[in-house]
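Below: one structure, written as C-alpha cells.
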Amino acid sequence: GENVEQHPSTLSVQEGDSAVIKCTYSDSASNYFPWYKQELGKRPQLIIDIRSNVGEKKDQRIAVTLNKTAKHFSLHITETQPEDSAVYFCAAPREGSTLGRLYFGRGTQLTVWP
Amino acid sequence: DTEVTQTPKHLVMGMTNKKSLKCEQHMGHRAMYWYKQKAKKPPELMFVYSYEKLSINESVPSRFSPECPNSSLLNLHLHALQPEDSALYLCASSQDIRTSLGYNEQFFGPGTRLTVL
C-alpha cells in the first residue's frame, strides 16, 4: 500500500513568515495530491491539490510543489496569519486494486504567533 | 448544496447499545466514505462505497456495519462497541473514486463525536 510520510509534526512561525510542510510517498502510480486543513473541532477541508501532470500550483498565499522523480510534494504558505493555525494533512491515493483509498500523512500542527 | 451533513453531532452509548450514524450529500457524488479519527491523528479509512456498492472494507470489525440505501445516504450501524472505538467518525463524498478522471476531491462532513462508555 501507499506510505505517506509528513514532516514536520509541529511547526511554529511568526505572523508574516512562510511555512513549508513536506510529504513523501512511495507509490509511483499516485497521481493526485491533496492538502487538507483541519481546525480544532472542525472537519478536514481541502485547501489545495495538485495532479501529477504539473509541478506547481498556486492559490493566493498557498502553493504546492510536486517532484515526481523524488516522490515528494510540499505545501508552502506565505505571509502566514494567525487564522492559518491548524493541523495540515497531506494525502495521496493509489489507483488500481485500491481505487478510492486516500492515504493521509500524520499531520503537521502549524501555530502562527501574532 | 455543496455540503456533506452528518447526524448526530455527538453520541454517547454503552457497550450493549445499538445506534446508527447518518450521512447525507446532495452533490450527485457517487462515492461515499467512512473515516475514523482519533485525537491528534489523521483520518483512517474504514469503508468506501462506489455507486452504492461496498468497494473497500479496511478490515473493520463486524461491530461496525455500513449501509448505503441510495446514492445520497450513507449509514454506519454500531453494535457492541468498545471504549477504544470512541473517536470522531467522519463521512466524506467525492464525485467518483477514480483519480485519473480528476474526480477524487473528497468533501468531508462535520463528523459525529462518539463516546463509548
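The values are calculated or read from the model by the stated rules, or taken from the named source; none is laboratory data. Note that the coordinates shown come from a computational prediction; the quantities given were computed from them, not determined experimentally. In this analysis, Cβ positions are derived from the backbone assuming ideal geometry, glycine residues included, and neighbour counts consider all displayed protein chains.
Points worth noting:
- Single match in A:LYS58, A:LYS37 (criterion: of a type outside the set (S, T, N, Q), more than 12 Å from chain B (Cβ to nearest Cβ) and part of a strand (DSSP E or B)): A:LYS58
- Residues of segment A:52-65 that are closer than 30 Å to B:GLN6 by Cα and over 13 Å from the mean Cα position of the chain (by Cα): A:ASP59 alone.
- Flag if A:VAL20 is surrounded by 15 or more Cβ atoms within 10 Å (Cβ to Cβ) and in contact with a His (Cβ under 7 Å, 6 or more places away or on another chain): yes
- Whenever a residue of segment B:29-51 is more than 18 Å from B:GLU105 (Cβ to Cβ), its partners that are of a type in the set (Asp, Glu) and not in a loop (DSSP other than H, G, I, E, B), lying with C-beta atoms within less than 6 angstrom and at least six residues away or across chains, give the pairs B:LYS36/B:GLU44.
- Of all the listed residues (B:PRO8, B:PRO42), the sole one being surrounded by fewer than 18 Cβ atoms within 10 Å (Cβ to Cβ) and of a type outside the set (A, V, I, L, M, F, W, C) is B:PRO8.
- Close pairs from segment B:52-71: first within 14 Å of another protein chain (Cβ to nearest Cβ) and within 14 Å of B:CYS23 (Cα to Cα), partner of a type in the set (Asp, Glu) and assigned to a loop (DSSP other than H, G, I, E, B), Cβ under 6 Å, at least 6 apart: B:CYS68/B:GLU52
- Any hit, segment B:63-80, residues being among the aromatic types (Phe, Trp, Tyr), farther than 21 Å from A:ARG106 by Cβ, modelled with pLDDT of 95 or more and surrounded by 15 or more Cβ atoms within 10 Å (Cβ to Cβ): yes
- Top-ranked residue of segment B:19-40 - restricted to ones that are modelled with pLDDT of 95 or more and charged (D, E, K, R), ranked as farthest from B:PRO66 (Cα to Cα): B:LYS38
- Count - residues of segment B:72-117 that are more than 11 Å from chain A (Cβ to nearest Cβ), part of a strand (DSSP E or B), under 14 Å from the mean Cα position of the chain (by Cα) and not polar (S, T, N, Q): 8
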